[in-house]
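**Student:** Sharing a structure with you now.
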Amino acid sequence: MRRPVLSRRTLLRGALGGAGAAVGLPVLEAMLDRHGEALAAGTPLPRRFGAFYWGNGVVAKLWFPTQTGPSWQLTPLLMPLAKVKDYVSIVSGTVVYVPYQVSGHMGSLQAITSGALGTSQGGLNYAYAAKSMDQSIADKIGGGTRFKSLHLGVASTDASDADFGAVARSISHNGPNSPNLPEYNPIALYDRVFGAGFSTGASPDLSTVTLAARRSVLDLVAADARALQMRLGSSDRQRLDQHLQGVLDLEKQLGGMPPSTMTAGCSAPTRPTSSYAAIDNEQIQWEPLATAQIDLLVHALACDQTRVFTFRFSPCNDYTVYPGFPTFKIDPTTTNTGTSMHGLTHTEGGDQPNVQKCVTFSMSKLAALLERLLATPEGTGSLLDGCAILGFTECIEGRSHDATHQPGLPLIVAGRAGGGLVHPGIHYRSPLQGDAASESRGRNVSVVPLTLMQALGTGIPSWGVGAGQATKPISELLTGV
């Protein structure tokens, strides 16, 4: 019997009553060569890049492993990554070289994500002078997909940092004053990626929008799905059934989410007029929002709707209250009081146990994303095998705002980049650079994005501008180097 062959771009399409839909497919055996290691046309399986950001640093003594190389062991704050440890490398010792001039949070965040010094717009507002790392990569690997890049998040409390301009609203930028804003509303993200079209305007009023009020996209593509099933082998039919069931389950999950969850995800509070105003962070229902966003992202990657994403899990401002903490009280005497993670980093002493809880929660959601990618098959491996994902924060510890000294920035490199990154992962500790006067300075943090760019085969030889430029990747993380 002749083996069926499908294009990787195959979509299920349909329309009814004026509503149209197109559903992407996962990689099926019919799309692969006979070895399952490349597409049938001979092109390699897709390689993907992602950035996962959480704000306010870590507790350094409980984050960084003591062992280097492949024998590194999980520390207390890295324990959530236990199930995907082989796919994880820890990078320590790299620091920001860009001489940023504003905020220990926003300035270093801008330097890490763009490798460049921002340009002053007046006051605390410094515009991006260069593209962020994800957009440099998207220029190389994102053009052949429906979405050059996707951007999503969970905690949206950005109005509190309006003085900082665009840098406070996104980790992805096309250049000066051109942020790619994250989508915090899972229904809007679903409609954009899996619906008939997408809106470039504001999110809809979620009190009037429910998935139950409109036909499932699977109803619209049912005929095309049945026709495709007739052409596939038994394993591909099973894989297609699982994929379509996953889309249906996701529709049901989003339709059943409480309205308050999604309202908080798409609405920003009014900029406070006092120095420290309380915001109802209890509206942010972290668990269902994070789960929905991860589900949507994995589906989008599996369907090759995009190959580049940023996940802004939590910002570094003073209004993000993690689950398990009550909303903080107004205190006109200080801007660092209360139960926001940022406030806790500045008021809690010792090993900061409540800050630890916030970091551990962030790591648990990064782990959830990585585990989902690992559980999603592609070719002879998984989606995670084709990914290079950078987990990062903007400072070593929130209490000091430091991003320029040892032990360096807390960074995670996850995935295999289609074979470009070492497996199992290692702990890479940057050697100290310079003479005795600068012996505390590790390598430029820009070497980390550059390493991922080269692992993905983008052909980018250097990255960053001026003091932020890196020309040599971390060879220890790359295969065949």
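The values are calculated or read from the model by the stated rules, or taken from the named source; none is laboratory data. These numbers were taken from a predicted model, which means no experiment stands behind them. For neighbour counting, all protein chains shown are included, and Cβ atoms are generated from backbone atoms with ideal geometry for every residue, glycine included. We work out accessible area using only protein heavy atoms, side chains counted, and drop any ligands, DNA or RNA first. Shrake-Rupley method; radii C 1.70, N 1.55, O 1.52, S 1.80 Å.
**Student:** Can you list the residues, at least 5 places off or on another chain, whose amide H is less than 5 Å from the amide H of Leu421, using H built in the peptide plane?
**Tutor:** Amide H neighbours of Leu421: Thr479.
**Student:** If you rank Arg146, Arg47 by how much accessible surface each has, with a 1.4 Å probe, what is the order from largest down?
**Tutor:** Values: Arg146 105, Arg47 80 Å².
Ranking Arg146, Arg47 by accessible area, largest first, yields Arg146, Arg47.
**Student:** At Thr380 and Thr66, where each label point lies 7 Å from the Cα along Cα→Cβ, what is the point-to-point distance in nanometres?
**Tutor:** Result: 4.0 nm between the two label points.
**Student:** Tell me the label-point distance for the pair Glu287, Asn354, using the 7 Å Cα-to-Cβ offset, in nm and rounded to one decimal.
**Tutor:** Simple spin-label model gives 2.1 nm for this pair.
**Student:** Given H placed 1.01 Å from N in the peptide plane, which residues other than close sequence neighbours of Leu411 have an amide H under 5 Å from its amide H?
**Tutor:** It is Val91, by chain and number.
**Student:** Under a point spin-label approximation (7 Å from Cα along Cα-to-Cβ), what is the Gln101-Gln433 distance to one decimal in nm?
**Tutor:** 2.2
**Student:** Taking a probe of 1.4 angstrom, what is the accessible area of Phe325 in Å², to the nearest 10?
**Tutor:** Accessible area, nearest 10 Å²: 40 Å².
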